[in-house]
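Below: the structure, in C-alpha cells.
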Amino acid sequence: MTIESSLPQSIDSARLEQMRIEGKALLLDVRTAAEFESAHIPRSINVPLALIEKHPEDLSAHINEETIIICRSGARAQRAQKLLAGVGVLDTSVLTGGIEAWKSAQGAIKAGPTRWDLERQVRLVAGSLVLSSIALSAVAPKAKYVAGAIGGGLSFAALSNTCAMGAALQKLPYNRQGEVSLKEAQVRLRQHNA
C-alpha cells in the first residue's frame, strides 16, 4: 500500500465545523500569508505551502494530532498533505472545496483587508498575456506563439496539479507581505499543541 492510498480522503464543511467547535483538530491553512490575512477560519494556523515544501521534516515534528489542511479550493492542500505524508504525518484530511466551500456553507470567517488570492492573480496574468499576444500578433505574427505557450502551460498545470506561474507570483512583494518564517510556524504549531 502506498502512502497516498492510505491518506484520508477529505472532510466537508459541516464536519469541519463540528470538529472546530469541539477543538478536536489542528486547522492548517496553507495559503499565502496575504490570502490568510484576507480571510481565514478562526483558530486556524497559517503555514504556507511554500514553507512546507522547503521544510516538511522541521514542521512535521510539531504536528501531532488530527490535522485538517485548508487552502482556497483544495489543490494546494492536497499537495501539502502529500508532502507531510512523505515525512510521516498521516492523520490529515483536506477540506473539500477549501475556504471557498467553507464560505459558501456560511462557516465562520475572520476577515481582514481584501486581497486577491493567488489563483485569481494567475488567471489575470495568464489572460492578460494571451490577450496581449493575440493583439500583438496583428503586427508581429510570431506573438501568437506566446498565447500557445500560455495555453500549454495552463494545461500542464492542470495535468500535473502544479503551477509555475503561481509559484512565480507568490514571490512578488504583494504576496510576501506578512510572510511566515520557519521559526514562526514552529512556534505557532507548538502553541497550538500546548
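The values are calculated or read from the model by the stated rules, or taken from the named source; none is laboratory data. Since the model is a prediction, treat every value here as computed from it, not as a measurement. Here the Cβ positions follow ideal geometry from the backbone for every residue, glycine too, while neighbour counts run over all protein chains shown. When the accessible area is computed, the model is the full protein with side chains, heavy atoms only, and any ligands, DNA or RNA have been set aside. Shrake-Rupley method; radii C 1.70, N 1.55, O 1.52, S 1.80 Å.
Details
- Stokes-Einstein diffusion coefficient of the range 6-127, Kirkwood radius over Cα pairs, 37 °C, 0.692 mPa s, in µm²/s: 227
- Helix 13-22 axis, angle to the chain major axis (alpha carbon atoms, nearest 10°): 40
- Label-reachable residues, the range 179-194, where backbone N falls under 12 Å from a point 7 Å from Val87's Cα toward its Cβ: 182-183, 185-186
- Cα→Cβ-extended label distance, 7 Å offset, between Ala14 and Lys54, nm: 4.1
- Lys/Arg +1, Asp/Glu -1 at C-beta; the range 1-160 dipole; positive extreme among Leu51, Val139, Ile70: Val139
- Farthest positive-ward along the chain dipole, Cα basis, beta-carbon charges - from Ala101, Thr114, Val125: Val125
- Taken per residue, the accessible surface of the chain reaches 54 Å², heavy atoms only and a 1.4 Å probe.
- Protein accessible area in the chain, 1.4 Å probe - carbon and sulfur %: 58
- Anisotropy class of the range 130-182 from Cα gyration tensor, a/c 1.5 cut: oblate
- Of Lys54/Lys103; Lys110/Lys171; Lys24/Lys110; Lys54/Lys142; Lys24/Lys103; Lys110/Lys183, pairs whose Cα-Cα distance is over 27 Å: Lys54/Lys103; Lys54/Lys142
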